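Each remark here refers to the structure printed beneath this line.
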Amino acid sequence: MEKTIERGEFLLAICPYCKAEINSVHVTVKEIAFTHYEVSVSEKYIGEWHETSKEVDSQELYETRCPYCQRKLPLYSEREINEFLAGSLIIAQKSEVRYTGSPHSWL
Ligand SMILES: [Zn+2]
């Protein structure tokens with residue numbers, strides 16, 4: 001589903017691996033479908049397959065990758081992808097995480 005972006009709301013998504021600012025991701029969807037074909041014979045070919053219709057039975061988001069470094073991003077739903085691209089979901093490597101609260105607040 002498309003999300004309308006308000007002016008000033010847009011922040012760039014950053015790949016946690018190659019640090020590129022990205023405005024797209026590569027998504028692979030695993031799909032199970034019933035695909036119908038017409039198989040014909042002509043002067044040139046025997047057994048030429050033409051897809052006539054396709055009914056998707058199930059779809060599952062399989063993986064999401066950075067378009068630059070091709071590494072897998074931990075995004076597993078359309079909502080997470082949209083939030084990442086809008087800059088409201090930030091992916092960081094564990095070593096980059098800094099705690100901003102008081103260092104003694106947990107004692
Ligand atoms: Zn990357």
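Using the Karplus curve 6.51 cos²θ - 1.76 cosθ + 1.60 with θ = phi - 60°, work out ³J(HN,Hα) for each residue of segment 83-97 in order, rounded to whole Hz, and write x for Gly and Pro.
Per residue, the Karplus-derived 3J(HN,Hα) values read 5, 5, 5, 7, x, 8, 10, 10, 9, 10, 6, 3, 5, 8, 6 Hz.
Which residue, E63, E80, E43, tops the fluctuation ranking in a GNM of the chain built on C-alpha contacts under 10 Å?
Judging by the Gaussian network model, the answer is E43.
With point charges of +1 on the Cβ of Lys and Arg and -1 on the Cβ of Asp and Glu, referenced to the Cα centre of segment 10-91, which listed residue (I91, S58, V25) lies farthest in the positive direction of the dipole?
Farthest along the dipole direction, towards plus: I91.
Pairs of lysine in segment 13-92 with Cα under 27 Å and at least 8 positions apart or on different chains: total?
Lysine pairs meeting the criterion: 4.
Pop a pseudo-label 7 angstrom from the Cα along the beta-carbon direction at both I91 and K19 and give the gap in nm to one decimal.
For I91 paired with K19, the spin-label model returns 1.8 nm.
Where does the chain land at 222 nm, in deg cm²/dmol rounded to the nearest 500, when only DSSP H runs of n ≥ 4 count, each adding -39500 (n - 2.57), divided by all residues?
-2000 deg cm²/dmol
Give a quick list of chymotrypsin sites (Phe, Trp or Tyr not before Pro) in segment 16-103 that DSSP marks as loop, anything other than H, G, I, E or B, with at most 16 other Cβ atoms within 10 Å.
On the way: sites: Y17, F34, Y37, Y45, W49, Y62, Y68, Y76, F84, Y99; in loops: Y17, Y45, Y68, Y76, Y99.
Answer in residue order: Y17, Y45, Y68, Y76, Y99.
Shape verdict for segment 13-92, please, from the Cα gyration tensor: rounded (a/c under 1.5), prolate (a/b greater than b/c) or oblate. All intermediate terms of the calculation are to be shown ahead of the outcome.
Values: a/c = 4.41, a/b = 2.59, b/c = 1.70.
Since a/c reaches 1.5 and a/b is larger than b/c, the shape of segment 13-92 is classed as prolate.
I22's amide H: which non-local residues (gap 5+, or another chain) put their own amide H closer than 5 Å, with H modeled 1.01 Å from N in plane and none for Pro or chain starts?
A13, I14, C15
List the trypsin sites (Lys or Arg not before Pro) within segment 21-85 that fall in a DSSP loop (any state other than H, G, I, E or B) and whose Cβ has at most 14 other Cβ atoms within 10 Å.
Answer by residue number: K44, R71.
Go ahead and set up a Gaussian network model of the chain, Cα springs under 10 Å, then flag whichever of T52, T35, T64 fluctuates most.
Highest fluctuation of the listed residues: T52.
Amide H of E63: which non-local residues (sequence gap of 5 or more, or other chain) have their own amide H closer than 5 Å, using H built in the peptide plane?
Here the answer is T28, since their amide H atoms fall under 5 Å of that of E63.
All of the numbers you see were taken from the coordinates with simple rules; none came from a lab. Predicted, not measured: the structure shown is a model, and the values here were computed from it. Cβ: placed from backbone, ideal geometry, glycine included. Neighbour counts: every protein chain shown.
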